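Everything below concerns the one structure shown next.
The values are calculated or read from the model by the stated rules, or taken from the named source; none is laboratory data. These numbers were taken from a predicted model, which means no experiment stands behind them. Don't worry about glycine lacking a Cβ; one is built from the backbone with ideal geometry, like all the others, and counts go over all protein chains shown.
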Amino acid sequence: MKKRIGILTSGGDCPGLNAAIRGVAKASYELFDCEFIGIHDGYKGLIDGNYTELTPKDFSGILTLGGTILGTRRTPFRKMRKIEEDGVDKVANMIKTYENLGLDCLITLGGNGTHKNANLLREEGLNIIGLPKTIDNDIYGTDLTFGFLSAVDIATEVIDRVHTTADSHDRVMLVELMGHKAGWLPLYAGLAGGADVVLIPEIPYSLDKIYEALQERQSKGKNFSIIVVAEGALNKEEAAMSKKEFREHRMSMKHQTVSYRLAEEINKELGFETRVTIPGHQQRGGSPSAYDRILATKFGVYAAQLIKEERYGNTVSIVNNKLQATPLEYMAPKLKLVTKDNEVLKTGEIMGLKYGN
Ligand code: F6P
């Protein structure tokens, strides 16, 4: 019997989404009789009933394309069951669209929020298969998410370029990288780019330790330094605050971005000339790296196999270089953060990289 497959991308985009969409579709067309319905703009399209019937040619020529051909939106999980001012029952609408379309399953490509919503729909009885994407690499239950290594390449190039100008001018250069609550991207790009200090949310920093690291470099005749700062980096005092205290504390600050605050503090305390670079959404833009094209395609093909076998309620993950199906209920509620025993973290430590602690 022909399977009707809905597919959507949700949350922040990243390189590799189209490669994964193509992987699912091409493999499904090969493996069984099927048709695809593209849901526009993530769960919003499912709520609003905004979709397009797709044909094989829609999946052609998109392997290298950045962004997502389906469009995406952020639809926070905490609001999904809330009826807001517009009076829309979001969950009921999503179920209605799924049923009206006669779907056999829904493929959701996304990060943490997407997987929480996917799990909610699974609990409501829909057949769901997830695919893990995000430049943050913070999805629990998978060693890698597609999009991450492309972002590491982009961020590393930024650090490389900042490196040469830092050297010429004898400056302390701060490069602020994305990653939300996780430090994977700053950690990997920091090590790849030969940074001197990497500050990540999982390791609260102390200013004194940062000053120490910079002075130590100066004492060795190195008159410039590269500090990679995670957008979510916080100091030891901030780490000890409650969520509410922390919000109020941040709102009262002159600079909302951590790298600008640090740049000012370093300049004031040590007199070093400082500059800040924030590549921002460039880290999520453009074509996926070769490795991400392969990873996204592998994930997509594995998802098609799961659809064929009707193994719903899972997300595709990779553990020790092996693809597997991980139950949504197991991985959706958790975040994967950098742990103290992480090999890349420890490698950096031995190489003299400082984490500000
Ligand atoms: O989750 C991906 C991510 O790029 C995070 O690293 C970052 O904190 C966030 O999205 C930025 O979100 P937005 O694109 O909504 O500004």
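Right, ARG311: in a loop (DSSP other than H, G, I, E, B) and modelled with pLDDT of 95 or more or not? Here the answer is yes, as ARG311 does meet what is asked.
Per the conditions (1) closer than 30 Å to GLY232 by Cα; (2) free of Cβ contacts under 8 Å to residues at least 60 places away in the same chain; (3) in contact with a Phe, Trp or Tyr (Cβ under 8 Å, 6 or more places away or on another chain), the sole criterion not satisfied by PRO76 is (3).
Listed here are the residues, each with its yes/no results for (1) loosely packed, with under 15 Cβ neighbours inside 10 Å; (2) on the phi < 0 side of the Ramachandran plot; (3) in a helix (DSSP H, G or I).
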position	(1), (2), (3)
GLU248	yes, yes, yes
SER259	no, yes, yes
ARG293	no, yes, yes
GLY300	no, yes, yes
ALA304	no, yes, yes
LYS340	yes, yes, no
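GLU264 meets each of the listed conditions (1) surrounded by 14 or more Cβ atoms within 10 Å (Cβ to Cβ); (2) under 17 Å from LEU177 (Cβ atoms) apart from (2).
The listed residues are GLU216, GLU238, GLU248, and the only one of them that is in contact with a Pro (Cβ under 8 Å, 6 or more places away or on another chain) and away from the ligand (no atom under 16 Å from the Cβ) turns out to be GLU238. From the list GLY71, GLY42, the one residue that fits, being within 25 Å of ILE95 (Cα to Cα), in contact (Cβ under 8 Å) with a residue 12 or more places away in the chain and crowded, with 22+ Cβ neighbours inside 10 Å, is GLY42. Is it true that GLN282 is assigned to a helix (DSSP H, G or I), surrounded by fewer than 20 Cβ atoms within 10 Å (Cβ to Cβ), more than 16 Å from the ligand (Cβ to nearest atom) and touching a residue at least 40 places away in the same chain (Cβ under 8 Å)? Here the answer is no, as GLN282 does not meet what is asked. Out of the residues in the stretch 156-167 that are free of Cβ contacts under 8 Å to residues at least 12 places away in the same chain and not charged (D, E, K, R), state the one that is surrounded by the most Cβ atoms within 10 Å (Cβ to Cβ). That would be THR165. In the stretch 179-192, of all residues being part of a loop (DSSP other than H, G, I, E, B) and buried (at least 23 other Cβ atoms within 10 Å of the Cβ), the one that is nearest to the ligand (Cβ to nearest atom) corresponds to GLY179. As a summary of the residue check, ASN93 satisfies the conditions (1) over 19 Å from LEU335 (Cα atoms); (2) without any contact (Cβ under 8 Å) to a residue 24 or more places away in the chain except for the one numbered (2).
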